[in-house]
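Report on the following structure.
The values are calculated or read from the model by the stated rules, or taken from the named source; none is laboratory data. Since this is a predicted model, take the numbers as computed values, not measurements. A quick note on method: Cβ atoms are made from the backbone with ideal geometry, for glycine too, and the neighbour counts reach across all protein chains shown.
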Amino acid sequence: MLICRLMHRIPFPLAPAGFAAGLIFEAWVRARAALYAAAVLPQYRLPGPVLSIGNVTVGGTGKTPLVIHVSRMLFKLGFLPAILTRGYGRRRPNASWILAPEETVPAPAETLGDEPALMRRHLSSAWMGISKNRFHTGRSIASQEPGVVFLLDDGFQHRKLQRDLDIVILDRLQPFKTNRLLPRGTLREPLAALRRSHLIIVNGVTDLLVPDPLEAQIRAFHGQAKIFRCEQAVRSLVPFHLWEQDREPAAPIENPRSAYLVSAVGNPERYRRDIGRLGIEVRGVRAFGDHYRIRRKDWNHCVQEAGGKGVDAIITTEKDAVKISEPPDFPLLVAVQSTEISDEDMFEAALKQCIQERL
């Protein structure tokens, strides 16, 4: 994944080298897919249903909020989820962690990675396995808690692990048919790979009352696809000191009139758009690389810029807030997201049917 991100940022003067790298990458992707399709490369089966949530592009498509949302659905349906994730950006990337429900670790963002730490914050009652070897951690969890439902985070390209349901989330803001494989585009795989998916979720605001042209384009690659629409939006802005204590404000907080945005996420443009939809004037943005740990000196620089622009507050994401040990000396708000899926009852029914057939 890190290689993919680096390839996507190749400077223009190095474009010829990037093109050659792209040909090598495409050959590797297609060869790997063919080897899995021919059962030459082995796949491993966990002793329980495996639901995968992934994507076909680099950059933020809304995958982590969807993992949180689907996990909550599983609880609602009476199942106990066990989230399997690799945990990018953690201090010891080769370490493995298994967390039982309500179990905690010190410095979760450093120990588990920023996204697993965020998931843990919202899903403390779930099992979690953080490791490069998701089969091993999944098998260990199953030995302690038979009957769990595994939720594979960022799993579409993790072909080593067999899954019963492949859910792919697509970003409406990214090109579709005109997109290309890395580094000339943002695709991790050719769009034909969508044929492996069972459910496709298109993330982005659209008119639900009219036909969606993107759905027609998707069906050109996967005619039998079950397509859902998803909207992820900022549900509330919470002062950092309350967010840190997992407390809700005693009274509704009025949104600031102006703000400076700070983030280290895969899609900072989507984040900026979501804040703008709240009617807040965005006067400045500082976007760091995905998973970057924003340090004290970075925050000091952001505070200086925000003060110079006369904004009412700095707004950051939950993914970044989990990494803050010393908050900046400036009004800081955390953007808390919500996820809504169209035809949610049908989506839940698809999850339930898949799980019951496997149990």
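Being of a type in the set (D, E, K, R) and over 28 Å from R90 (Cβ atoms) is the filter; apply it to the range 299-328 and report the residue that is farthest from the chain's Cα centre (by Cα). Here the answer is K309.
Would a scan of the range 291-312 turn up a residue that is touching a Ser or Thr at 6+ places or on another chain (Cβ under 6 Å) and in contact (Cβ under 8 Å) with a residue 40 or more places away in the chain? Within the range 291-312, one or more residues are touching a Ser or Thr at 6+ places or on another chain (Cβ under 6 Å) and in contact (Cβ under 8 Å) with a residue 40 or more places away in the chain. Here the range 66-89 is the region considered, the condition is being closer than 30 Å to E26 by Cβ and touching an Asp or Glu at 6+ places or on another chain (Cβ under 9 Å), and the residue that is surrounded by the most Cβ atoms within 10 Å (Cβ to Cβ) is V67.
Picking from residues in the range 329-359 that are among the hydrophobic types (A, V, I, L, M, F, W, C) and not in a helix (DSSP H, G or I), the one that is modelled with the lowest pLDDT is L359.
Condition check: in contact with a strand residue (DSSP E or B) (Cβ under 7 Å, 6 or more places away or on another chain), among the basic types (K, R), at pLDDT 95 or above and closer than 22 Å to L118 by Cβ. Does R286 satisfy that? Yes, satisfied.
The residues listed here are S96, S52, S124; of these, the one that is touching a residue at least 24 places away in the same chain (Cβ under 8 Å), over 17 Å from K323 (Cβ atoms), surrounded by fewer than 24 Cβ atoms within 10 Å (Cβ to Cβ) and of a type outside the set (D, E, K, R) is S96. For first residues located in the range 340-359 and closer than 16 Å to P49 by Cβ, partners that are of a type in the set (G, A, S) and lie 6+ apart or on another chain with Cβ distances below 8 Å form the pairs R358/G48; L359/G48; L359/G147.
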